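A.B. asks: What follows is a structure written as C-alpha cells; I'll ask about it next.
The values are calculated or read from the model by the stated rules, or taken from the named source; none is laboratory data. On a predicted model such as this, the values are computed, not experimentally measured, just so you know. As a convention, Cβ positions derive from the backbone with ideal geometry for all residues, glycine included, and neighbour counts pool all protein chains shown.
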Amino acid sequence: MEIFTTISEFDGQTITSSLYLPESPKALIVVFHGLMEHRHRYHDFAQTLENAGYAVLCPDHRGHGDSPYDGKVYGYFAGHNGWLVNLEDLQKIIYQTKIKTGPLNIILFGHSMGSLAARSYLKRFENELSAVILSGSSAYSPMVYVGRFLAQLLSIFTGKRQCKLLFHMIFDPFNKGITPSRTPFDWLSVDEDNVDRYIADPKCGFVLPAKGYRDLFDGLLDVYRSKDWSVMRPDMPIHFVTGQFDAPAGFEKGVQHAIDTLKKEGYRNITSKIYPGVRHELLQEQIKEQVTADILLWLNELV
C-alpha cells in the first residue's frame, strides 16, 4: 500500500489517499467513504480486492480522516461550494493515480455520503467511468430544503464550530425503532463490536460544523434533482447493495426511490441486492466477507 497526498487547487488543503496496486491490475476501484469516517476503515475491503487483481484507491474526503480542514477541523469541506470542491479534488486524485497505474477502467464504489459523491461524480464525469457500486445509498427527503436553509443560517453565526443541533436532527431519528437502543450509533450495524470501534475512533462520529451539513444537503439536492443530468451512456452498470434495516438509506423503499431516480435520468442497467437482517455498514457487518465476495463476483463478470 502506498500513501500519498494531493494539494487542492482550490484552497491549498492537503488530501491524503491510499493506493493498493497489484501487478497487472484488471481495473481501478475508487472507494469513496461515508460521512464522519475515513478511508482506513476500508483497508480489509481494499486488500481483498487487491489480492483479486484490482488496483484500489481510497482517498479521504475533505475534512475527514488524515485530511481535516486546516489540519484541525473535521467535517468542514470548504468555505464556498464545499460539495463541488470535494468532487474536483477527487477528480484530481484519480488523475494522479492514473499516472501511477497506467490506463485502467475506473469503477466507483461509494458508501453512504460517498454514494452521493459517486452519483455526483457520475453526473459530471460519466465519460471517465466504467461502472458504479452504491452502498448504503443516502435517502432523499423533502425536508432537505429546510435542513439546507437552517444549516446555511446557523453557519453564519457558528463558523467552523461544531453544530450539535443539526447533528441530532439528522442522526437521532436513525435509531428510531431499534429497541433497546444501546448507543447513539446503533443504526450503523447489528455488530456491536463494530459500533464500539466506531465510537472509540476519534476520527469517526464527530459533529460537523453547520457548513458541513449545508454541503451534505447540497449533495443530496445535486443527486436527486433532474437539473444538469445529461446521460450519454445509459448502459452504464450501476449496482446497489443495502442492508434490510438501513435507516439512512430509507430502507428498501428509499433504495428503490434512488434506483427510480437514476432510471428517470436515463440509466437502464441497474441491479440491486438487499442483505437481510443487517443495517447501514455492510462492509463492517458480520456478513462483510459475503458482501465482499458478492461484489467481487459482480466485478469479475464485468471486467
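Each row is one residue, and each column tells you yes or no for (1) of a type in the set (Gly, Ala, Ser); (2) at pLDDT below 95; (3) crowded, with 22+ Cβ neighbours inside 10 Å.
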position: Asp60; (1), (2), (3): no, no, yes
position: Gly65; (1), (2), (3): yes, no, yes
position: Gly71; (1), (2), (3): yes, yes, no
position: Glu88; (1), (2), (3): no, no, no
position: Lys100; (1), (2), (3): no, yes, no
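A.B. asks: Something else now. Count, please, the residues in the range 266-295 that happen to be outside any strand (DSSP E or B) and crowded, with 16+ Cβ neighbours inside 10 Å.
C.D. replies: 15
A.B. asks: In addition: Restricting attention to helices (runs of 4 or more DSSP H) lying wholly within the range 133-226, give those where 1 or more residues are over 20 Å from the mean Cα position of the chain (by Cα), among the charged types (D, E, K, R) and farther than 30 Å from Asp294 by Cβ.
C.D. replies: Helices (runs of 4 or more DSSP H) meeting the threshold: 164-171.
A.B. asks: Please name all residue pairs, on different chains or six or more residues apart, with Cβ atoms under 6 Å, provided the first residue is in the range 38-58 and is touching a residue at least 12 places away in the same chain (Cβ under 8 Å) and the second residue is buried (at least 23 other Cβ atoms within 10 Å of the Cβ) and of a type in the set (D, E, K, R).
C.D. replies: His38/Asp60; Arg39/Asp60; Cys58/Arg39
A.B. asks: Are any residues in the range 237-250 surrounded by fewer than 21 Cβ atoms within 10 Å (Cβ to Cβ), touching a residue at least 40 places away in the same chain (Cβ under 8 Å) and out of contact with any Lys or Arg (no Cβ under 6 Å at 6 or more places or on another chain), and if so, which ones?
C.D. replies: Pro237, Gly250
A.B. asks: In addition: Considering only the range 229-250, state which residues are outside any loop (DSSP other than H, G, I, E, B) and either touching an Asp or Glu at 6+ places or on another chain (Cβ under 8 Å) or modelled with pLDDT under 95 (or both).
C.D. replies: Result: Val241, Thr242, Gly243.
A.B. asks: Could you check Arg124 against (1) out of contact with any helix residue (DSSP H, G or I) (no Cβ under 8 Å at 6 or more places or on another chain); (2) assigned to a helix (DSSP H, G or I) and say which number it fails?
C.D. replies: Failed condition: (1).
A.B. asks: Also, quick follow-up: Quick check, is Ile178 closer than 24 Å to Pro248 by Cβ, in contact with a Phe, Trp or Tyr (Cβ under 9 Å, 6 or more places away or on another chain), in contact (Cβ under 8 Å) with a residue 60 or more places away in the chain and surrounded by 14 or more Cβ atoms within 10 Å (Cβ to Cβ)?
C.D. replies: no
A.B. asks: Determine which member of the set Arg233, Arg197, Arg225 is surrounded by fewer than 22 Cβ atoms within 10 Å (Cβ to Cβ) and over 25 Å from Lys273 (Cα atoms).
C.D. replies: Arg197
A.B. asks: Let me spell it out: the conditions are (1) touching a helix residue (DSSP H, G or I) at 6+ places or on another chain (Cβ under 7 Å); (2) more than 15 Å from Val30 (Cβ to Cβ); (3) of a type in the set (A, V, I, L, M); (4) assigned to a helix (DSSP H, G or I), and Leu116 meets all of them except one. Which number is the exception?
C.D. replies: (2)
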